[in-house]
Amino acid sequence: MLCKRIIPCLDIKDGRTVKGINFENIRDAGDPVELAVIYANEGADELVFLDITATIERRKTLIELVKKIAAAINIPFTVGGGISSSEDVQLLLQNGADKVSVNTAAFKNPELIKELSSAFGSQCIVLAIDTKKEADGEWYVYLNGGRTRTGVRAIDWAQQAVGLGAGEILLTSMNNDGTKSGFAQDITRALATRLPVPVIASGGAGTMEHFRDIFLSGLADAALAASIFHYKEIAIPDLKKYLSAEKIDIRL
Amino acid sequence: MMPCPPQKEFYNMEVAIVKYNAGNVESVQNALNRLGVKSIVTDDHDVLRSADRVIFPGVGHAQPAMEYLIERQLDKLIISLEQPVLGICLGMQLMCTSSEEANTKCLGIFDTEVKLFDSESLKVPQVGWNDIYHLKTNLFRGLQENSYVYYVHSYYVLIAADTIAETSYTLPYSAALGKDNFYGVQFHPEKSGAVGEKILANFLEQ
């Protein structure tokens, strides 16, 4: 059976790991390569590295880091953050990233998804969507790390992007992110049931039960979390044992 | 599970990785490095022929890959190799008779065809960890039935005479093929944690 995946996410700034709480108040949580190896050995199924560096040296630092990570770990990893061209993607894949995630640039230029998926294959193009539930009960797409509202529904954008060749959706609920109150089940389930590609749920993980719920009720294919892993609030081996005991297909 | 420590007996082994237009070469080299084995990426016929082991990796599309191989006569070379050869993912698929991907005629080492998953009923590509069972041959020595490995693929091979490991994505299909000195794995051992490292080490020890 194809397993549900547990994915620690490492936010990277200037080559170091950070985690934003509700996208603000960043704290340093260690060396990314060291953390990556620990997670891989603990049984993480995949890793996501999100680069939030804004400086001009950004690309060079990131490529060096990707190279080190690829040499060090024996599981797949995705790199995202500010990716806006085929050249960006080519460099990342060449240096050992297995997948890349695109967000704002893809929304502004949907053809980018088509270009990337035909050049590199859908399997390595992840579309990241930051979404927020508003007063009308609908989930809308936000850009630029959650700072810019679009007025487009997450489900509409996801369907369009998959049509253009996105191979996977990384869905972050801004309402839930940093709250540790659980993943957003309704929008995850809506996407997971309507899209022919895997959906990674992100934002809100606080307890092991939250993971169970997003797999069983939210129908997510994978669940992503950061701070609870970085600050050792939940150990991956314990989480996987728990989920397996809850009859969820998990790689032990 | 901890990764395998470097294997001393591999230190002097010459491993050649076939260089062509559909290789996930970096990842395979990294995995070999972690096992303490140096490898060379080449399309030089003499180097490939004289290597102790040959790895035929692959991520991409079957048709341009076959065209590239034929253009450089790597197709004839690969089927004539006598040392242990391991095809990975698209590499394994190219070792079959043909692929539904653009109806491509392939190398014909394994007497079976490559088919496309039904995207009406399944999420395609299959991305993630799935188990392997009915394990045969030394490639899986020391591994438990239902060990997990990492897959990323849209095309698959049905169970055939050369199947040496099975897996299931709604329907059962070949996780690995083996015939004489040729092996092929549909999954990515270079991305499959300690289990993948063990499979690569087993291949080197053939």
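Summary table below
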quantity	calculated
Mean-position separation - Cα centroids, segment B:105-147 and segment A:62-81, in angstrom	26
Projected label distance in nm at A:Asp31 and A:Glu64, using a 7 Å step from Cα toward the beta-carbon	1.4
Segment B:16-157 - convex hull of alpha carbons, volume per residue in Å³	123
Relative contact order, percent, segment B:50-131 [alpha-carbon distance under 8 Å, six or more residues apart]	27
Relative contact order %, segment A:92-178, counting alpha carbon pairs below 8 Å whose residues are six or more apart	31
Neighbour net charge for A:Leu143 - beta-carbon separation under 9 angstrom, K R +1, D E -1	+2
Mean ellipticity per residue at 222 nm, deg cm²/dmol - from DSSP H runs of n ≥ 4 across chain B, formula -39500 (n - 2.57)	-6500 deg cm²/dmol
For segment A:5-245, diffusion coefficient by Stokes-Einstein and Kirkwood Rh (Cα), 37 °C, 0.692 mPa s, µm²/s	186
Span from the segment A:1-17 Cα centroid across to the segment A:170-220 one, whole angstrom	15
Mean projected area in nm² (Cα convex hull; one quarter of hull surface) for the protein assembly as shown	20.0
For segment A:98-107, Karplus couplings with θ = phi - 60° (6.51, -1.76, 1.60), whole Hz, Gly/Pro x	8, 9, 10, 10, 10, 9, 4, 4, 6, 5
Subset of A:Lys4/A:Lys241; B:Lys19/B:Lys76; B:Lys115/B:Lys198; A:Lys4/A:Lys132; A:Lys4/B:Lys191; A:Lys68/A:Lys114 violating a 21 Å alpha-carbon distance limit	B:Lys115/B:Lys198; A:Lys4/A:Lys132; A:Lys68/A:Lys114
Rel. contact order, % - alpha carbon contacts under 8 angstrom, at least six apart, chain A	18
Helix-only [θ]222 nm of chain A, DSSP H runs n ≥ 4, -39500 (n - 2.57) each, per residue, nearest 500	-10500 deg cm²/dmol
Amide H partners (placed H, <5 Å) of A:Ile83, local residues excluded	A:Asn103
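None of the figures in this text is laboratory data; all of them are computed from the coordinates on show. All of these numbers come straight from a predicted model, not from anything done at the bench. FYI the Cβ positions are ideal-geometry reconstructions off the backbone, even for glycines, and counts take in every protein chain you see.
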